[in-house]
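Engineer: Okay, handing you the structure first.
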Amino acid sequence: MAKSQFSSKRAPIYRDVADDKWLNWRWQLSNRLNTADEISQVITLTDSEREALSAPGLFRVDITPYFISLIDPDDPQDPVRQQVIPTARELVPFTAMMEDSLAEDRHSPVPGLVHRYPDRVLMLVTTQCASYCRYCTRSRIVGDPSATFSRAEFEMQIEYLKRTPQVRDVLLSGGDPLVLAPRVLEEILTRLREIPHIEIVRIGSRVPVFMPMRVTDELTDMLQKFHPLWMNIHVNHPNEITAELEQACDKLTRAGIPLGNQSVLLAGVNDNVDIQRELVQKLVRIRVRPYYLYQCDLVEGAGHFRTPVAKGIEIMEGLRGHTSGYAVPQYTIDAPGGGGKIPVSPNYVLSMSDHKIILRNYEGYITTYEEPLDYDPKKAAKGRLARPEPGQSGIHGLLQGEQMFIKPEGFDTLHDRHGIQHRLKDGSKWVPLGIGSGDANEPKPE
Ligand SMILES: *Cc1c(COP(=O)(O)O)cnc(C)c1O
């Protein structure tokens, strides 16, 4: 590979470590730093950081020598530092803070398997990571070395997947699947590939960022036996894009694994349009497609990282149109209470009338798109019937005429007001009499 345009760093205390150790991921894992004494050999700790590092019950701290070397030792605001070194602000509760803000546990039919969406599941395969992000959305389960998933739980996950044919996409996460012992990861992938209806497998991992030396030829040789395999990495700031990460991503893409990036919008770290633009442009240079930019979850310990949603909209306004479409992620709020991911974006549709739509572009240019007057929805292309997705057709189901309304729980009882039964209260009166496309399923009464 040509010489990288990105830099490499090694903190002074690691200068004399031989390359065969530094470049060995097992050495990186076993030399992680986690106490104030160890960390202060690399960076000058603030009082707030020292206080947090000695607080009881703190979410686990561990930082690889590689990743801590990316920190400017004398800058308390360093964007890499803030992601992995706790401060006293982490100990402050905030309004709406929750332990499991995405209600993942409620959506788990078996331990460690989150089945939230119709055709795909999130499979938590470990609670361990190479280093721990201070804003971790899963800090309720991640990091505890005594609480990892058991063999029996893994078998239950596989059994659930076997009997749930609508699942065509399995997302391995945790914790970080790439810290598993190589043969354990290989076994998980082998078992998933034995299930015929699982079309794609994806891995969500920050290992390439925390410990790029983990991406060895042996690893990519193993992974490429399980195609189609996709991977999302997690980079939040351009300072994390190094020669080593570039090389790891090159190995993964050469093994045929398409790479995406998920980042989190973090106050004081990357809540700035110029930083985000530099980040996404550097990502596409290393062939990583920005996928999601997440609004920070309402999770314990992450209060000080939260920004208003307006900041995210402003960033998206500064990306779309201003840079390559490939470099633009989808800004997303993972809805508290288990609503799932909701895309949020600036508005580009200004108005509409009968057959006109008024749009604006990123420059503020306002234009009219004239819609056809002779479009016949009955002649629209016919597709094959999708796999059944019971009860989750949602707004699209309304458009298809499957049903006419979606009601909050208890709606009918509430509006009944204990009144007497009369002719118009009969539920069958409210069956739609012919909406939607002609061939949609017969609308059903409530
Ligand atoms: C994010 C997530 C997925 C995957 O969502 P995509 O939008 O397909 O990337 C699946 N299940 C759960 C529970 C998730 O949180």
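Engineer: Among the residues of segment 103-116, which ones are in contact (Cβ under 8 Å) with a residue 40 or more places away in the chain and within 6 Å of the ligand (Cβ to nearest atom)?
Structural biologist: ARG116
Engineer: Could you please give the count of residues in segment 284-314 that are more than 27 Å from PRO86 (Cβ to Cβ) and not small (Gly, Ala, Ser)?
Structural biologist: Counting residues in segment 284-314 that are more than 27 Å from PRO86 (Cβ to Cβ) and not small (Gly, Ala, Ser) gives 10.
Engineer: In segment 1-22, how many residues are more than 28 Å from the chain's Cα centre (by Cα) and within 14 Å of MET213 (Cβ to Cβ)?
Structural biologist: Adding up the residues that qualify gives 8.
Engineer: Looking at (1) free of Cβ contacts under 8 Å to residues at least 24 places away in the same chain; (2) away from the ligand (no atom under 16 Å from the Cβ); (3) of a type in the set (A, V, I, L, M), which is the only condition VAL309 fails?
Structural biologist: It fails just one condition, (1).
Engineer: Sticking with this one: Looking at segment 185-201, I want the residues that are more than 16 Å from VAL125 (Cα to Cα) and have a partner that is open to solvent by less than 30 Å² (accessible area, probe 1.4 Å) with Cβ atoms under 7 Å, at least 6 apart or on another chain. Which pairs are those?
Structural biologist: ILE195/LEU161; HIS197/VAL167; ILE198/LEU161; ILE198/VAL167; ILE198/VAL170; ILE198/LEU192; GLU199/ASP169; ILE200/ASP169
Engineer: With the structure loaded, tell me whether GLY174 is within 14 Å of the ligand (Cβ to nearest atom) and closer than 30 Å to HIS237 by Cβ or whether it fails that test.
Structural biologist: Spelling it out, GLY174 is indeed within 14 Å of the ligand (Cβ to nearest atom) and closer than 30 Å to HIS237 by Cβ.
Engineer: Related question: Look through ASP217, ASP176, ASP250 and report the one residue that is in contact with a Cys (Cβ under 6 Å, 6 or more places away or on another chain) and not assigned by TED's automatic domain parsing to the domain that holds LEU23.
Structural biologist: From the options ASP217, ASP176, ASP250, the qualifying one is ASP176.
Engineer: Here is a list of conditions, (1) open to solvent by 70 Å² or more (accessible area, probe 1.4 Å); (2) closer than 28 Å to ASP297 by Cα; (3) of a type in the set (A, V, I, L, M), and LEU373 meets all of them except one; can you say which number that is?
Structural biologist: Exception for LEU373: condition (2).
Engineer: Same structure again: Considering ASP119, ASP100, which residue is in contact (Cβ under 8 Å) with a residue 40 or more places away in the chain and within 11 Å of the ligand (Cβ to nearest atom)?
Structural biologist: None of the others qualify; the one that does is ASP119.
Engineer: Let me ask another. State whether the residues of segment 315-335 include one that is outside any helix (DSSP H, G or I), without any contact (Cβ under 8 Å) to a residue 24 or more places away in the chain, over 18 Å from VAL84 (Cβ atoms) and away from the ligand (no atom under 16 Å from the Cβ).
Structural biologist: No, that holds for no residue.
Engineer: Sticking with this structure for a sec: Name the residue that is nearest to the ligand (Cβ to nearest atom), counting only residues in segment 350-367 that are touching a Lys or Arg at 6+ places or on another chain (Cβ under 9 Å) and open to solvent by 70 Å² or more (accessible area, probe 1.4 Å).
Structural biologist: Across segment 350-367, the extreme among qualifying residues is TYR362.
Engineer: A further question on this structure: One residue is enough: does segment 288-299 have a residue meeting the conditions away from the ligand (no atom under 16 Å from the Cβ) and charged (D, E, K, R)?
Structural biologist: Within segment 288-299, none of the residues are away from the ligand (no atom under 16 Å from the Cβ) and charged (D, E, K, R).
Engineer: Can you go through SER139, SER150 and tell me which one is modelled with pLDDT under 90 and at negative phi?
Structural biologist: None of the others qualify; the one that does is SER150.
Engineer: If VAL184 passes every condition in (1) at positive phi; (2) more than 16 Å from the ligand (Cβ to nearest atom) but one, which one does it miss?
Structural biologist: The single condition VAL184 does not satisfy is (1).
Engineer: Of all residues in segment 130-185, how many are under 22 Å from PRO212 (Cβ atoms) and open to solvent by less than 30 Å² (accessible area, probe 1.4 Å)?
Structural biologist: Total satisfying the criteria: 19.
The values are calculated or read from the model by the stated rules, or taken from the named source; none is laboratory data. From a predicted model like this one, the values you see are computed outputs, not experimental measurements. Every residue, glycine as well, gets a Cβ built from its backbone with ideal geometry; the counts of neighbours run over all protein chains shown. Note: accessible area is taken over every heavy atom of the protein model, side chains too, but ligands, DNA and RNA are not part of it. Shrake-Rupley method; radii C 1.70, N 1.55, O 1.52, S 1.80 Å.
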